[in-house]
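J.: Dropping a structure here in structure tokens format, bear with me for questions.
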Amino acid sequence: MGKSTALLCAGIALAGSVGAAPRYDPGASANEIRIGNIAPYTGVSQDYAVVARAEAAYFQMINDRGGINGRRINFISVDDGSDPARTLALAQHLVEQDQVLALFSSFGTDSNLAIRGYANAHQIPQLFVEASSAVFDDPVHFPWTMGFYASYRTEGLAYAQYLLQHKPNARVAALYEDSTAGQEFYQGLRDGLADKAGAMIVQQATYRLSDSNVDAQIETLKSSGADVFMDLAWGSVASAAIRSAYDIGWHPLQFIPNASLSVAAFLDPAGLDKAAGIITSARSKNWLHAHADRDPAVREFLDWMAKYNPQASLRDQLNVAGYERAEALVAVLQKCGDNLTRANLMAQAANLDIEIGMLRPGIRIRTSPRDYQPIKQLFLIRFDGREWLSLDTIVGG
């Protein structure tokens, strides 16, 4: 048994000890739990800093309620300027200078890959990373790193499944980022289409995060004669692609990633009329739908937004994403009890079977020492020009 595995097993055993004296690693004490986070407050990905702001607001609510077993959460969130090259140094500072117990919900695939080796070598929990690449579900090689939402591959498979059921003769054009994550997303689509992929996918194009626009790629994709556009782009690039396709008179059935579904952050800039009819995936309840507040969990979220996050747009789904991640971390910290060691934190995170309020019924957070993908399910939704409406049943493992 390796040292990391032994530590995680020891954490489980210690957590179950009755009357054991409190145990602390750096970042935890009788009064405080320090949690580190790296977010893109500036730069090309700054729209996603909404997630970290929502997490900070959620932890403020928890602190106002007395904290975790009397311990306040000190959420130390720093800006990487949307530059993965800065992330490792920031992570080292958070761990070695700020003495955080864990790194939590840091943004981006490349950024988290830059941190992963350091976190695992030094046995620092890298929890609920804000990136959906399947590479973060690898507990055998990286037992201190854990993802959160369903993977890009799962999402690509879901869109392929929808096409095979509803538009099996589609001509598909795909746009995706020239990166590990983008290639995973596109490969999930191809794998889902299986032996029909070669016939159905008639054109593909890639972009880089530094691209100022994707007009040339959209022209190429349109010229293929495709009647389905897999706009597998993130954030502002997805907005630009939606707008560009519409403006040149190309109106295919269009899909965008879950990470680009925020109405306030990404569909408003594209133009709501230009986004009408787009399909994506979700895992959360519709908090904006009429009478949604009849659900106690949605009502609690809306009350939290009004009291703790009033400056944020209620139409921005990224606030829900931050709320969900923060709620999950609080559940893990509560399970730790007075054994606030890094090993026990990972042990508890690797043994979850819980519901959190804003996830759609039927979608649970489940992990095991061999399964580091807490959320594996999603469902499809369509934008009607004003709001997202549920389209399909839950898919995924």
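Rule-based calculations on the coordinates, nothing more; no lab input. Only a predicted model underlies this, so the values are computations on that prediction, with no experimental measurement involved. Using ideal geometry, Cβ is built from the backbone for each residue, glycine included, and neighbour counts are taken over all protein chains shown.
J.: Hey, could you get me the Stokes-Einstein D for segment 270-381, Kirkwood radius over alpha-carbon pairs, 20 °C and 1.002 mPa s, rounded to whole µm² s⁻¹?
T.: Answer from the Stokes-Einstein relation: 135 µm²/s.
J.: In addition: Could you work out how far apart the two model spin labels at GLU300 and GLU355 are, taking each label as a point 7 Å from the Cα in the direction of the beta carbon, and quote it in nm?
T.: For GLU300 paired with GLU355, the spin-label model returns 1.1 nm.
J.: Over segment 56-119, one equal point on each Cα, no solvent: what is log10 I(q)/I(0) by the Debye formula at q = 0.12, 0.15, 0.17, 0.22 Å⁻¹?
T.: Once normalised to I(0) and log-transformed, intensities are -0.35, -0.53, -0.65, -0.91.
J.: Now for a different question. Output wanted: per-residue J couplings in Hz (rounded whole) for segment 215-226, from phi through Karplus 6.51 cos²θ - 1.76 cosθ + 1.60, θ = phi - 60°, x for Gly and Pro.
T.: My calculation for segment 215-226 gives 4, 5, 5, 5, 4, 4, 5, 4, 5, 6, x, 5 Hz in order.
J.: Now for a separate question. What shape does the chain have by the C-alpha gyration tensor, where a ≥ b ≥ c are the square roots of the eigenvalues, rounded means a/c under 1.5, and otherwise prolate means a/b greater than b/c and oblate the rest?
T.: Cα axes put the chain in the prolate bin.
J.: In what sequence do SER239, SER179 fall when counting other Cβ within 10 Å, fewest first?
T.: SER179, SER239
J.: Another question about this same structure. For a quick check: sort ARG294, ARG190, ARG382 by the number of other beta carbons within 10 angstrom, fewest at the front.
T.: Ranking ARG294, ARG190, ARG382 by Cβ neighbours within 10 Å, fewest first, gives ARG294, ARG382, ARG190.
J.: Could you estimate the translational diffusion coefficient of segment 46-196 from the Stokes-Einstein equation, with Rh from the Kirkwood formula over C-alpha pairs, at 20 °C and 1.002 mPa s, in whole µm²/s?
T.: After rounding, the answer is 123 µm²/s.
J.: To the nearest 0.05, what FRET efficiency results for ALA216 and ASP371 with a Förster distance of 45 Å applied to their C-beta separation?
T.: Approximately 0.60, to the nearest 0.05.
J.: Contour minus end-to-end for GLN183 and ALA20, with contour as 0.36 nm per residue of separation and end-to-end as the Cα-Cα distance?
T.: 53.9 nm
J.: Relative to the longest principal axis of the chain, what angle (0 to 90°, nearest 10) does the C-alpha long axis of helix 87-96 take?
T.: Between helix and principal axis, roughly 10 degrees.
J.: Pull up the DSSP beta bridges for the chain and report the antiparallel fraction as a percent, rounded to 5.
T.: 35 percent
J.: Relative to the Cα centre, what is the charge dipole magnitude of the chain, using +1 at the beta carbon of each Lys and Arg, -1 at the beta carbon of each Asp and Glu, and rounding to the nearest 20 debye?
T.: 800 debye
J.: Can you tell me the mean projection area, over all orientations, of the convex hull of segment 324-393's alpha carbons? Units nm², please.
T.: 5.7 nm²
J.: Same structure, new question: Filter LYS222/LYS274; LYS167/LYS376; LYS335/LYS376 down to the pairs with a C-alpha to C-alpha distance above 27 Å, please.
T.: Listed pairs above 27 Å: none.
J.: Rounded to the nearest 10 degrees, what's the angle between the helix 318-336 long axis and the longest principal axis of the chain, both from Cα atoms, 0 to 90?
T.: Approximately 30 degrees, to the nearest 10.
J.: Which percent, nearest 5, of DSSP beta bridges in segment 71-212 are antiparallel?
T.: Approximately 0 percent, going by the DSSP bridge assignments.
J.: Label ARG208 and HIS93 with points 7 Å out from Cα along Cα→Cβ: what is the distance between them in nm?
T.: Result for the modelled spin labels: 2.7 nm.
J.: With each pseudo-label sitting 7 Å past Cα toward Cβ, what's the ALA30-SER390 distance in nm, one decimal?
T.: Taking the simple label geometry, ALA30 and SER390 are separated by 4.9 nm.
J.: List residues of segment 120-151, by number, whose backbone nitrogen lies under 18 Å from a label position 7 Å along Cα→C-beta of ASN69.
T.: Of the residues in segment 120-151, 125 have backbone N under 18 Å from the label point off ASN69.
J.: Relative contact order of segment 152-282, please, whole-number percent, based on alpha carbon pairs below 8 angstrom and at least 6 residues apart.
T.: Reported as a whole number, the value is 24 percent.
J.: OK, next. How far is helix 236-247 tilted, in degrees, relative to the longest principal axis of the Cα atoms in the chain, given as a value from 0 to 90 rounded to the nearest 10?
T.: Helix 236-247 sits at roughly 10 degrees to that axis.
J.: So how do ILE354, ILE73 line up by other beta-carbon neighbours within 10 Å, fewest first?
T.: The most exposed by this proxy come first: ILE354, ILE73.
J.: According to the square roots a ≥ b ≥ c of the eigenvalues of the Cα gyration tensor, what is the shape class of segment 152-282, taking rounded for a/c under 1.5, prolate for a/b larger than b/c otherwise, and oblate for the remainder?
T.: The shape class here is rounded.
J.: Quote to one decimal, in nm, the extra length available between ASP195 and LYS307 on full extension: 0.36 nm per residue of separation minus the C-alpha distance between them.
T.: Full extension of this stretch gives 35.1 nm more.
J.: Next question. Set Lys and Arg Cβ to +1 and Asp and Glu Cβ to -1, take the dipole of the chain about its Cα centre, and tell me which of LEU352, ILE248, ALA158 lies farthest positive.
T.: Farthest towards the positive end: LEU352.
J.: How much mean residue ellipticity at 222 nm does the chain get from its helices, if each DSSP H run of length 4 or more adds -39500 (n - 2.57) and you divide by all residues, to the nearest 500 deg cm²/dmol?
T.: Using -39500 (n - 2.57) per qualifying helix, the result is -11500 deg cm²/dmol.
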